[in-house]
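Enquirer: One structure, pasted below without further comment.
A short reminder: the numbers here are calculations on the coordinates, not readings from a lab. In this text, all values refer to a predicted model and were calculated from it rather than measured experimentally. Here Cβ is always computed from backbone atoms with ideal geometry, including for glycine, and neighbour counts include all displayed protein chains.
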Amino acid sequence: MSDVSHEGVHRHPAPTGFIRKYIFSLDHKVIGIQYILLALAAVLVGMTMSLLMRLKLSWPDHKFALLGTLFKAGAPDGVMNPEFYLSLVTMHGTIMVFFVLTTAPQGGFGNYFLPIQIGAEDMAFPTLNMMSFWVTFIGFVVILAAIFFSGAESTVGPIGGWTGYAPLSALGAIAGPGQGMGMNLWIISIAIFCVGSLLGALNFITTLLNMRTKGMSLMRMPLTCWAWFTTAVLALLSFPVLLGGGILLLLDRLAGTSFFIPGGLYVSGVLSGTNPNFPLHTGGSPILWQHLFWFFGHPEVYIAILPGMGATSHILATFARKPVFGYRAMVFAIFAIGLLGFFVWGHHMFISGMSPYSAIAFSVLTLSIGVPSAVKTFNWIGTLWGARIRFTTAMLFAIGFVSLFVSGGITGLILGQSSLDLAMHDTYIVPAHFHLVMGVASIFGMFAAIYFWFPKMFGRYLDERIGKIHFWVTFVGVYCIFVPMHVMGLVGMPRRYSQFTEYGFLNKLHPLVLFVSISAIITITVQLLFYFNLVWSLFKGAKAPDNAWEATTLEWSTSTPPPHDNFAGVLPTVYHGPYEFAVPGAPNDFVMQTDAEVEVSSNGHNGHH
Amino acid sequence: MGRVLAVIIWIITALSVLMFVSKKWWFPAAISEHGPALDRQFLITILVVGISFAAAQIGLGWMVWKYRDTGKAGDRGTYTHGSNRLEVLWTVITAVVFITLAVMGQSVWAQLRLHDAPAGSYTVEVVAQQFQWNFHYPGKDNVFGHTDPKLIDDSALNYVGLDPGDPNAKDDAVTASLVVPVNRPVELRLRSKDVIHSFWVPPLRFKQDLVPGMEIKVHFTPTKVGKYELACAELCGQQHYKMRAFMLVLPDEELNAIRVMSQEQFQARMTELLAKYPTVID
Amino acid sequence: MATMVTTKPVIKSGTGGKASGPNGNGSKRRNGREFLEPDPHANRYRIGMWVALASIGMLFTALSSAYVVRAGAGGDWVDIRMPRVLLLSTALILVSSVTLEVSKRNLKASSLVGHSRWLMLTMLLGLAFLGSQLLAWKQLAQQGIYLASNPHSSFFYLLTATHAVHLGGGLLALIFVWTRSRFSTALKVSPRRQAATDAVAIYWHFMDALWIYLFLLLFLWR
């Protein structure tokens, strides 16, 4: 039976020619791959930067000959100077948070699979979609430019940290090296990124609301779709605030305004308003920058993790061969995390000088976000209960996600309390916390996704043996890197120090610093295996059938790789929920969403206690 | 594979817990009045954190160990979409525990931040800059001399912009070390000349940002005599890593003697005291 | 289900040209004849527009909160006097919303000529609005009040410029719609085209309301 909504309508015909097919493509699948490629390049840059940081921290006075040749200003005779280190800190954070964690999970996998999983031929606005990628790409070029155009004293870019606190970030070159042109480019890059991200968010939301196929009710959507949807809403509402803040910061830097710069400053021997390098400023509020930044910054971290949560739920169910435990609760938890995420930004600012009363409010709200996060964890473990687990590499990374999310998330209970933050703020327990959740759990979500969906995208499996080595070394490695950082923080080790040689109380931590660095070197090196696997499997990987994993959702019901309009002219009709595994009496241990033959009673609320 | 994964997860869990429990790398001894309360709250929190962490990882490992696919034909997983009762149960329990922790976690904060320094506190003005700390003492008359940014001249060593024309300024001292009494409330008036810095003394369990354009008043009561390292805890530029100062907590006689000294004497006496007390680094 | 689908009666038309939007054609061919069937995807333009407006709204919310905070802090607030030409700006944009509505109704009633004319009028009013904004800036500059003169002036220039940029985008969209209306040869209007026009109208009215809000914020608040 074909009715209006089911005869596929080619809203744009299949492209011809290399440029239209692979460069300026309107096809969400190509755009998704472009985002993933961008992230793969960005993460290489980001990881290299973190490697250099670890080298400086572990061997601060060592002469690294290669560095001395490559970075004459930042590492004269091979010893990295403090501004070089700080610019690594800044660029590592910026590149990883924006160009890796906010691209691949959402723009990459979301773009590729959201339309297919809801049974649509493409995103709602394919042209906007293409623009969103290329705008993001330009943003990446600009941030790389910031590395090379920071000025004669050149470091490796601006040095304000990825958080760019004013007035340090607003004063310009007078505040120190790395605060000149590189900083302007940093702001511009982020502003461009905001625009690209907003275009993407617009597409995701409209597509999900408007283009679900027949039978695909909201509560039959895979959890990946719920995660991408909520992430898009978060992006939609938080990125404009960053854009606003960035505009104000740029104006303070270039146009002499005083949004964030107060009066009466005396910087590098110069009083405000007495020198052309330092125009007169009055009345600005540095804390205003923090409010604007973190109002964006907190939802941003949920943008980074939610898609990984969605992928984990999806992949756990698939390889556990049973439904997600508590699908409804999972949906509510995603909403709760998204919603609460907008009300807790002040927990980054307890010590900032803001009102101590608001600190109390923010603190209590912050700990309440732990509740939906815990609910999700219980449900993941519940999904594994009574399962028949198939330990594919994708599954290993999904299980790893749960372990790492628990480890990283649980320390939020410490950091979220205002009293404890008196001792914890700006010490190493903070990067310990956020790296475990963002820098590892989120990445594991992406790894799981890529091992899972590679066979659908390219028709071949990623090599499982290499994959498993990749998993084991990375899983153990990241724990070795980030668990010690917690106790470093308890001792009181401050953040963003280019070396730890100046304080007696830090001396005892040196063995831990070394241990972390060696673990990092090993873990980062092993990621090369992953890159190798990607390329090798593209050509030599074992061929995969259309339903590579005996999974249930719509992407597995179409051919591999999916045709241009995803469903070869006939949009699917959905009869079941997304995770109908182990249905009693069904011929297989999985029932695809499109399977009209099998009946699953009471839309799948069996086993309801 | 499932068993190996479970074991590795459990080993990681055990080692992580051990790292904390052994206290090999831990907070330094608390030297402030609110310190023990903060440490108690931390202990309660880390207990909840540790138990939750261990329980989740053990549970995860257990599932992964027990429920691996044995490949038996026709053997299927347990078909269930969940349990509303369980959802309510664990949501409520988690909420109660977390909110309780949250409420408890406000008390030290409220004590320190919602009340002004008690009357009669020993007051010091702290002015931070790239890359040093300046501590301004009111001297014998116990009145701070007037300061003005326009009068700041680093090359002339007038770091805080003290007004030479102000009679109250004559007996003031401005030095690079913080000198405070033991067992008396201390009020710090925090300012910054250029960018955001942060006052951080780990044994004190106390931290506060110094924000340009604001004067932020904070208070605490040190409880142990000694010389402690003061670190900057907010990125302030390339020498952020070496913006060190010392905080000297002195017994009453020594403190009362130095506080009435003017600049040169204060400086000299301070140098002696810095040499006298070993730096507490544990 | 959250999908909003409006069903319209199926209209058969003779062979005619294609009404193609940027994303292809909602109508299908059967036996070589044009079928204009209800297009469930036409709504995506309206939905997309509201989503975009939420985003733009957040940008102005951020700038507004910066405005309020900055006014409270700093102690250096000096009110600038409202340039009188802004009253003209307000009138222009209000009328342009009216003319756009008329244009939209014309399209719905399939009076394509009327639709096109009122659209042109709207565009001219929009251009005039932008011109009046430039005049306001000039008036301030003549008083020696520039972007960095004081916080109020900083926000004035910033908010009006940001609004003008977005309005300029709306103007481009109007030009696109007008061009299509002038050169389209379809005898009937497809639901997709109606939806696109509706979406642009929603945007324009939002810009109008936003202007009123900014005007009040800058000159009536406090």
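Enquirer: When the convex hull of the Cα atoms of region B:116-280 is projected onto a plane and the area is averaged over all directions, what value comes out in nm²?
Expert: Mean shadow area of the hull around the Cα atoms is 9.1 nm².
Enquirer: Given R₀ = 25 Å, what would the calculated FRET efficiency be for C:Met82 paired with A:Leu254, taking r from the Cβ atoms and rounding to 0.05?
Expert: 0.40
Enquirer: Can you tell me the equivalent ellipsoid semi-axes for region A:321-363? Use √(5λ) from the Cα gyration tensor, largest first, whole Å.
Expert: That gives 34, 8, 7 Å for the three semi-axes.
Enquirer: 5 Å is the cut-off here: which amide hydrogens, built 1.01 Å from N in the peptide plane, fall below it relative to B:Leu210, excluding neighbours closer than 5 in sequence?
Expert: B:His197, B:Ser198, B:Phe199
Enquirer: Give me the angle, in degrees from 0 to 90, between the Cα long axis of helix A:356-384 and the longest principal axis of the Cα atoms of chain A, rounded to the nearest 10.
Expert: That works out to roughly 30 degrees.
Enquirer: In the protein assembly as shown, what % of DSSP beta bridges are antiparallel (nearest 5)?
Expert: So the antiparallel bridges amount to about 75 percent of the total.
Enquirer: Can you tell me the FRET efficiency between B:Ala176 and B:Leu86 if r is taken as the Cβ-Cβ distance and R0 is 45 Å, rounded to the nearest 0.05?
Expert: Efficiency, from the Cβ-Cβ distance: 0.15.
Enquirer: Among A:Ser58, A:Ser373, which comes first, then next, by fewest other beta-carbon atoms within 10 Å?
Expert: If I rank by nearby Cβ atoms, fewest first, I get A:Ser58, A:Ser373.
Enquirer: Report P(r) for region A:544-609: all Cα-Cα distances, bin width 10 Å, range 0 to the bin holding the largest distance, values in whole percent.
Expert: In order of increasing distance, the bins hold 21, 48, 24, 6, 0 percent.
Enquirer: Under a cut-off of 21 Å between alpha-carbon atoms, report the lysines in cross-link reach of B:Lys227, not counting same-chain residues fewer than 8 places apart.
Expert: In chain and number order, the partners are A:Lys508, B:Lys207, B:Lys242, B:Lys276.
Enquirer: Okay, next question. What's the long-distance tail for region A:50-147, i.e. % of Cα pairs beyond 22 Å?
Expert: When all Cα pairs of region A:50-147 are counted, 48 percent exceed 22 Å.
Enquirer: Between B:Gln265 and A:Ser559, what is the spin-label point distance in nm, taking each point 7 Å from the Cα along the Cα→C-beta axis?
Expert: Between B:Gln265 and A:Ser559, the simple spin-label model gives 9.6 nm.
Enquirer: Please find the FRET efficiency linking B:Asp116 to A:Leu339, where r is the Cβ-Cβ separation and R0 is fixed at 41 Å, and quote it to the nearest 0.05.
Expert: Efficiency at R0 = 41 Å is approximately 0.70.
Enquirer: Still on this structure, I have one more. Cβ under 11 Å from A:Leu88's Cβ, A:Leu88 left aside: what net charge do those residues give with Lys, Arg +1 and Asp, Glu -1?
Expert: My count for the surroundings of A:Leu88 gives +2.
Enquirer: Shifting gears a bit: How far apart, in nm, are the 7 Å Cα→Cβ label points at A:Ile522 and B:Asp75?
Expert: With each label placed 7 Å out from Cα toward Cβ, I get 3.4 nm.
Enquirer: A further question on this structure: Using DSSP to call loops (not H, G, I, E or B), can you name the chymotrypsin sites (Phe, Trp or Tyr not before Pro) in region C:72-143 whose Cβ has at most 16 other Cβ atoms within 10 angstrom?
Expert: C:Trp77
Enquirer: Let me ask something additional. How big is the Rg/Rh ratio for chain A, C-alpha atoms only, Rh by Kirkwood, two decimals?
Expert: 0.98
Enquirer: Can I ask one more? Work out the charge dipole of region C:40-219 with +1 on the Cβ of Lys and Arg and -1 on the Cβ of Asp and Glu about the Cα centre, then indicate which of C:Gln143, C:Ala164, C:Gln194 is farthest towards its positive end.
Expert: The listed residue farthest towards the positive side: C:Gln194.
Enquirer: Related question: Quick one: Kirkwood hydrodynamic radius for region A:305-542, alpha-carbon pairs, angstrom, one decimal?
Expert: One decimal place: 19.3 Å for the Kirkwood radius.
Enquirer: Net charge near A:Gly577: determine it from the other residues with C-beta under 11 Å of the C-beta of A:Gly577, scoring Lys and Arg +1 and Asp and Glu -1.
Expert: Here the charged neighbours net out to +1.
Enquirer: I've got another one for you. Using the crude model of +1 on Lys and Arg Cβ and -1 on Asp and Glu Cβ, and no other charge, please compute the dipole size for the protein assembly as shown relative to its Cα centre, in debye to 20.
Expert: 3180 debye
Enquirer: So, how do all the Cα-to-Cα distances of region A:253-354 break down into 5 Å bins, in percent, from 0 on up?
Expert: 2, 10, 14, 13, 11, 10, 9, 7, 6, 5, 5, 4, 3, 1, 0
Enquirer: Another one. Hey, what number do you get for the protein assembly as shown at 222 nm if only DSSP H runs of n ≥ 4 count, each worth -39500 (n - 2.57), divided across all residues, to the nearest 500?
Expert: Estimated from H runs of four or more residues: -18000 deg cm²/dmol.
Enquirer: Evaluate the Kirkwood expression for the hydrodynamic radius of region A:445-506, namely the inverse of the mean inverse distance over all pairs of different C-alpha atoms, and round to one decimal in Å.
Expert: Answer for region A:445-506: a Kirkwood hydrodynamic radius of 14.9 Å.
Enquirer: Could you list which residues have their amide H under 5 Å from that of B:Leu230, counting only those 5 or more apart in sequence or on another chain, with H placed in the peptide plane?
Expert: B:Ala245, B:Phe246, B:Met247
Enquirer: Whole number please: convex hull volume per residue of the Cα set in region C:40-219, in Å³?
Expert: 97 Å³
Enquirer: Continuing with the same structure: So how do A:Glu555, A:Glu502 line up by other beta-carbon neighbours within 10 Å, fewest first?
Expert: A:Glu502, A:Glu555
Enquirer: How big is the Kirkwood radius of region A:30-262, worked out from every pair of different alpha carbons and given in Å to one decimal?
Expert: Every distinct Cα pair counted, the radius reaches 18.9 Å.
Enquirer: Express the C-alpha Rg of region B:1-45 as a ratio against the empirical globular expectation 2.2 N^0.38 Å, rounded to two decimals.
Expert: 1.71
Enquirer: Kindly give the semi-axes, whole Å and largest first, of the ellipsoid equivalent to region B:1-115, taking each as the square root of 5 times a Cα gyration tensor eigenvalue.
Expert: So the equivalent ellipsoid measures 39, 22, 6 Å along its semi-axes.
Enquirer: Can you work out ³J(HN,Hα) from phi for every residue in region B:75-82, in order, using Karplus 6.51 cos²θ - 1.76 cosθ + 1.60 and θ = phi - 60°, giving whole Hz and x for Gly and Pro?
Expert: Karplus-based 3J(HN,Hα) across region B:75-82 equals 7, 10, x, 6, 7, 8, 9, x Hz.
Enquirer: Which one of C:Thr61, A:Asn275, B:Ser107 has its Cα pushed farthest toward the positive end of the charge dipole of the protein assembly as shown, where Lys and Arg give +1 and Asp and Glu give -1 at the Cβ?
Expert: C:Thr61
Enquirer: Further question: So what are the ³J(HN,Hα) numbers for region C:189-198, from phi and the Karplus equation (6.51, -1.76, 1.60; θ = phi - 60°), rounded to whole Hz, Gly and Pro as x?
Expert: So the J values, rounded to whole Hz, are 8, 6, x, 5, 5, 4, 5, 4, 5, 4.
Enquirer: What fraction of the DSSP beta bridges in region B:116-280 is antiparallel, stated in percent and rounded to the nearest 5?
Expert: Roughly 70 percent of the beta bridges in region B:116-280 run antiparallel, per DSSP.
Enquirer: When the scattering of the protein assembly as shown is computed by the Debye formula from its Cα atoms alone, each counted once and equally, what is log10 I(q)/I(0) at q = 0.07, 0.08 Å⁻¹?
Expert: Once normalised to I(0) and log-transformed, intensities are -0.69, -0.90.
Enquirer: Something else: Springs between alpha-carbon atoms under 10 Å, Gaussian network over chain B: tell me which of B:Lys24, B:Lys227, B:Lys207 tops the mean-square fluctuations.
Expert: Checking each option, the largest mean-square fluctuation is seen for B:Lys24.
Enquirer: How far is it, in nm, from the label point at B:Asn256 to the one at A:Asn507 when both lie 7 Å from their Cα along the line to the Cβ?
Expert: The two pseudo-label positions are separated by 3.6 nm.
Enquirer: A follow-up question, please. Taking every alpha carbon pair in chain B, what does the distance histogram look like in 10 angstrom bins from 0, in percent?
Expert: 6, 21, 26, 17, 12, 9, 6, 3, 1, 0
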